[in-house]
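For reference, the structure is listed below as structure tokens.
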Amino acid sequence: MILLVEDSPTAAHFCEKCLKEEGYQVVTTGLGQQAMEFLNWAAPAAVVLDLVLPDASGMEVLKYAQKLHPDLPVIVVTATNLVDVAVESMKRGAYDFLVKPFPAERLAITVRNALLRKALIEEVAELRQVVVGPSRFHGFIGQSTAMQAVYRVIDSVATSKASIFIRGESGTGKELAAQAIHKASPRHMKPFIALNCAAIPHDFLESHLFGHVKGAFTGATADRIGAVKAAQDGTLFLDEICEMPLELQAKLLRFLQTGEIIPVGSHKAEIVDVRIVAAANRDPLEEVHTGDFREDLYCRLHVIPLELPPLREREEDVMMLAQHFLAKCNAEEGKHFAGFDQDVTALLRRYDWPGNVRQLENIVRNMVVLNDGETATAAMMPGDLQRFAEKSLWPANQNTEDLMLSEPSPCDTIKPLWLVEKEAVMLALDFTNQDIPQAAALLQLSPSMLYRKLQAWKTQGAVA
Ligand SMILES: Nc1ncnc2c1ncn2[C@@H]1O[C@H](COP(=O)(O)OP(=O)(O)OP(=O)(O)O)[C@@H](O)[C@H]1O
Ligand SMILES: [Mg+2]
């Protein structure tokens, strides 16, 4: 079906007749508002759009159509004196334009070609899925070989109850993978419960895991259901499992062997059926060697290992992810960015992403929130990325004389990055009364990442 938006009755009649003769169904309106309302619930194969309408500009309708249906071909119809606007509409994504008066044959050919092109694009996308593999998978975006391997592991283990151990740097999507495993499994209608072992003080972890009964300890004023029981018949995601204290590891092992839990302060065992997915940023085997992680628990949990590749090793996914986050942030912030300019694209592809996908998402969000426009430019990128760009574009053969003659650098006021980072972390912790999850949210980090930073500083003696 073709949507024809034309307010002149003679022109509308002419186009309608021509399109119907070609075998298309045609829906006609002379009002821009009506056309936009129609697009809210219908998806025509193409739109033939007059640029001058009594109640809205054709450009407005074009923009609206593209927002709702990005692949919908729009053919713009214009009078001779508006050819400039028609050209502009093509820059904004219209498929083609026709200058009035045009022969019926010209309209028929243009519509036919538009539909043919759309069909070909869809076919290529389908074939690409078959040949290369999917670019989206239960919340994951990415078509790199490394991510295809991840999707395959998740698909093949989905139906089993075997424990899975996910490893990967911060922000690579470990939690997303745990959710994907749950969604792909027959347990998807049952709960998915995540427990971050690093974000809960050790003294409370057992009660968060297995629950407690009223009066079990000071402050236990009522019974509490633990994460294991809350995940009954579903999936329990134990994040940062290496942070679990050894005594609790023994109790978790007992649960894995018997299927029974005993809430803190109770003597009554209860049977619970859950699938365990564990994750860690560190290598659990190293923890086993240092005696911080029980070997028997490691063997129980590490039945199927799943390694999430860092973003720097899947450069081909970067722009797909960036576009995805751009569309998501546009929708959340009511902005209209269509894409990134060449400099930004080169920069994003080259950057080494220490914070992986989370960092990319934060950078795109930052840029969308603070700026307006249609194209994201390098000047809109946060400072650290701009510095990276300057550094990596610095000519390798610049001679020392040039450097000496350059402006004196503001070295005195620049603090080392680790110090700036530590100050920001301490400020967030003070502000939230040492609440790690809240401080992490303010810093736009995961609680685990924050916890790891604190642990590292403690080890180096940099914090109390
Ligand atoms: N391939 C991906 N496609 C789309 N979004 C992704 C992808 N990978 C990660 N994300 C998003 O990036 C963010 C970080 O992912 P997630 O929390 O799963 O990482 P993580 O490995 O658990 O990090 P941490 O170790 O810091 O807890 C989330 O918002 C997630 O939705
Ligand atoms: Mg995580």
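Each value in this text was obtained by applying a stated rule to the coordinates, not by laboratory testing. Here the structure is a predicted model, which is why all the values come from computation and not from measurement. Using ideal geometry, Cβ is built from the backbone for each residue, glycine included, and neighbour counts are taken over all protein chains shown.
Shape class for the range 10-60: oblate, because the ratio a/c of the largest to smallest gyration tensor axis (alpha-carbon atoms, square roots of eigenvalues) is 1.5 or more and b/c is at least a/b.
Ordered by the count of other Cβ atoms within 10 Å of each Cβ, fewest first, Trp457, Trp418, Trp353 give Trp418, Trp457, Trp353. As a rough guide to protection, the peptides 21-32, 173-184 ranked by mean Cβ packing within 10 Å, highest first, stand as 173-184, 21-32.
Quick one: of Lys118/Lys335; Lys229/Lys251; Lys17/Lys91; Lys161/Lys214; Lys161/Lys268, which pairs are farther than 21 Å apart, Cα to Cα? Before the final figure, lay out each step's value.
Values: Lys118/Lys335 27 Å; Lys229/Lys251 15 Å; Lys17/Lys91 29 Å; Lys161/Lys214 33 Å; Lys161/Lys268 26 Å.
Check vs 21 Å cut-off fails for Lys118/Lys335; Lys17/Lys91; Lys161/Lys214; Lys161/Lys268.
With Cα atoms defining each centre, the range 47-85 and the range 242-305 are spaced 61 Å apart in the structure.
Sequentially through the range 88-93, phi angles give Karplus couplings (6.51, -1.76, 1.60; θ = phi - 60°) of 4, 5, 5, 4, 8, x Hz, Gly and Pro residues having no value and appearing as x. Applying the Karplus relation 6.51 cos²θ - 1.76 cosθ + 1.60 with θ = phi - 60° to the range 164-181 yields 3J(HN,Hα) values of 10, 10, 9, 10, x, 4, 4, x, 7, x, 5, 5, 4, 5, 4, 5, 5, 4 Hz, where x marks Gly and Pro.
Projecting the Cα atoms of Ala428, Val77, Leu450 onto the charge dipole of the chain (Cβ charges, centred on the Cα centre) puts Leu450 farthest toward the positive pole.
Show that you can apply the helix-only estimate: for the chain, add -39,500 (n - 2.57) for every DSSP H stretch of four or more residues, divide by all residues, and state [θ] at 222 nm to the nearest 500.
Working: 20 runs with 230 residues, N = 464.
So the helix-based figure for the chain works out to -15000 deg cm²/dmol.
Bridges between two residues of the chain, per DSSP, are antiparallel at a rate of about 15%. Converting phi to 3J(HN,Hα) with the Karplus coefficients 6.51, -1.76 and 1.60 and the offset θ = phi - 60°, the range 378-384 yields 4, 5, 8, 6, x, x, 5 Hz in sequence order, with x at every glycine or proline.
Each part gets one Cα centre, and for the range 148-182 versus the range 333-356 those centres are 27 Å apart. Once you have a ≥ b ≥ c as the square roots of the Cα gyration tensor eigenvalues for the range 1-123, tell me rounded if a/c is under 1.5, and otherwise prolate or oblate according to whether a/b is larger than b/c. In terms of gyration-tensor shape, rounded. Between Rg and the Kirkwood Rh of the chain, both from Cα atoms, what is the Rg to Rh ratio? Looking at the chain, the ratio lands at 1.08. Measure nothing but the geometry: give the 0 to 90° angle between the long axis through the Cα atoms of 58-68 and the longest principal axis through the Cα atoms of the chain, rounded to 10°. Its long axis makes an angle of about 30 degrees.
For Ala194, nonlocal amide neighbours, meaning residues 5 or more places apart or on other chains whose placed amide H falls under 5 Å from its own, are Phe237. Radius of gyration (Cα atoms) of the range 100-227, expressed as a multiple of 2.2 N^0.38 Å: 1.81. Put simply, the amide H of Gly339, placed in the peptide plane, has neighbours under 5 Å in Ala376, leaving out anything fewer than 5 places away on its chain.
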